[in-house]
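Okay, so here's the structure we're looking at.
The values are calculated or read from the model by the stated rules, or taken from the named source; none is laboratory data. Just so you know, these numbers come straight off a predicted model, no measurement behind them. So basically every Cβ, Gly included, is an ideal-geometry build from the backbone, and we count neighbours across all protein chains shown. Areas reflect the complete protein model, heavy atoms only, side chains present, ligands, DNA and RNA absent. Shrake-Rupley method; radii C 1.70, N 1.55, O 1.52, S 1.80 Å.
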Amino acid sequence: MPSLNTNPAPCPVCGAQHKQEAIDAALKTCPVCGYHYRMEPRDRIQYLTDPNSFTEFSANLTSLNPIDLSGYEEKLSEAEVKAKMKDAVITGTCTIEGKPLVLGLMSFNFMGGSMGSVVGEKVTRAMLKAAEEKLPLIIYTTSGGARMQEGIFSLLQMAKTSSAAAELDKAGLPFFIVLCDPTTGGVTASFAMLADVTLAEPGALIGFAGPRVIEGTIRQTLPEGFQRAEFQLEKGFVDMIVKRQDQKRILSELIDLHRAAPSDSSGIKERM
Ligand SMILES: [Zn+2]
């Protein structure tokens, strides 16, 4: 229904009204104030990777409902239709400005980007593939946390992804995270905070528990902008906030900067 697409709600920050086409042309940001709307993996692949370079792997993994929770299979089927994905993360190889890498992208549309056994396995495989093929790894995160419907199996993914991240570290390969709105819970408490360089999109909510839960627990009013990317940058949890329009260039530069030094890297040369 095109009429729904031509008149989206006004920008939540500046109130400007734009046609959907104008927001899409600005990579789903507000053309006036730059507010970043949430974006799905398929759209990110479009602006981030070189044309037709993305090759998905581990595409057909699905959850076995490990704790036999009633209704979970139905929820997964609904999520698959809504997000047009088989679970909450897509992983693949691609190039950015000609440089090969492994890329993972999460979707908040698939059960709030929650991490169950499939997300944990795909993130782990992406890390191990990067380590094996000596490629840099970039993961775009957005998540409400652990997948409650998988009980202890969802919590296990925190340890599993964290130990796979350590393999990248051992192999001396660069790992970059781009924190998108929102990144919280078990994903923040595991691989999302283990990158060599942690980038964030402007305004992204980044934290463990949400602000309402914290306010309710400590019975204090939280400061303005608490847990937003800008606040986390000031507090040292985020290294850099990068607008969507700049992400391809910045990530490409970071890959160049972190390119593994050749084995003969003594820094001296003998003149013959
Ligand atoms: Zn705006």
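Convex hull volume of the Cα atoms of the stretch 192-261, normalised per residue: 95 Å³. For the Cα trace of the chain, dividing Rg by the Kirkwood Rh returns an Rg/Rh value of 0.99. Figure note: Lys248, Lys86, Lys243, Lys170 ranked by solvent-accessible area, largest first, 1.4 Å probe, ligands and nucleic acids not counted: Lys170, Lys243, Lys86, Lys248. This model, with +1 at the C-beta of Lys and Arg and -1 at the C-beta of Asp and Glu, gives the stretch 124-191 a dipole about its Cα centre of some 100 debye.
Tell me whether the stretch 1-119 comes out rounded, prolate or oblate; compute the Cα gyration tensor, take square roots of the eigenvalues as a ≥ b ≥ c, and use a/c under 1.5 as the rounded threshold.
Values: a/c = 2.59, a/b = 1.33, b/c = 1.95.
Verdict is oblate for the stretch 1-119.
Among Glu56, Glu121, Glu224, the largest mean-square fluctuation in a Gaussian network model of the chain (Cα springs under 10 Å) belongs to Glu224.
The alpha-carbon atoms of the stretch 86-146, seen along their principal axes, cover 33, 22, 17 angstrom, with the largest extent given first.
Near Val197, the amide H atoms lying under 5 Å from its own belong to Phe175, Ile177; only residues 5 or more places off or on other chains count, and H is placed 1.01 Å from N.
Net charge dipole, the stretch 46-115: roughly 160 debye, given to the nearest 20, about the Cα centre with Cβ charges of +1 for Lys and Arg and -1 for Asp and Glu. Calculate the length of the line joining the C-alpha centroid of the stretch 107-135 to that of the stretch 150-210, in whole Å. About 10 Å separates the Cα centre of the stretch 107-135 from the one of the stretch 150-210. Report in % the part of the accessible area of the chain that belongs to carbon and sulfur, leaving out ligands and nucleic acids; probe 1.4 Å. The value for the chain is 55 percent carbon and sulfur by accessible area.
Among 70-78, 110-118, 207-215, 32-40, what's the highest-first ranking by average C-beta atoms within 10 angstrom per residue? All intermediate terms of the calculation are to be shown ahead of the outcome.
Numbers: 70-78: 12.8, 110-118: 24.4, 207-215: 14.4, 32-40: 17.3.
Final packing ranking: 110-118, 32-40, 207-215, 70-78.
For the stretch 32-42, putting each phi into the Karplus relation 6.51 cos²θ - 1.76 cosθ + 1.60 with θ = phi - 60° gives couplings of 8, 9, x, 3, 8, 6, 5, 9, 8, x, 4 Hz, in residue order, rounded to whole numbers and with x for Gly and Pro. D by Stokes-Einstein for the stretch 63-217, Kirkwood Rh over Cα pairs, 10 °C, 1.306 mPa s: 101 µm²/s. Computed about its Cα centre, the charge dipole of the chain is approximately 180 debye, with only Lys, Arg, Asp and Glu carrying charge at their Cβ.
For the residues Ala204, Ala26, Ala195, a GNM of the chain with alpha-carbon springs under 10 Å puts the largest fluctuation on Ala26. GNM on the chain, alpha-carbon springs under 10 angstrom: the most fluctuating residue among Thr142, Thr124, Thr221 is Thr221.
Toward the positive end of the charge dipole of the chain, with +1 on the Cβ of Lys and Arg and -1 on the Cβ of Asp and Glu, the farthest Cα among Pro66, Ala131, Ser252 is that of Ser252.
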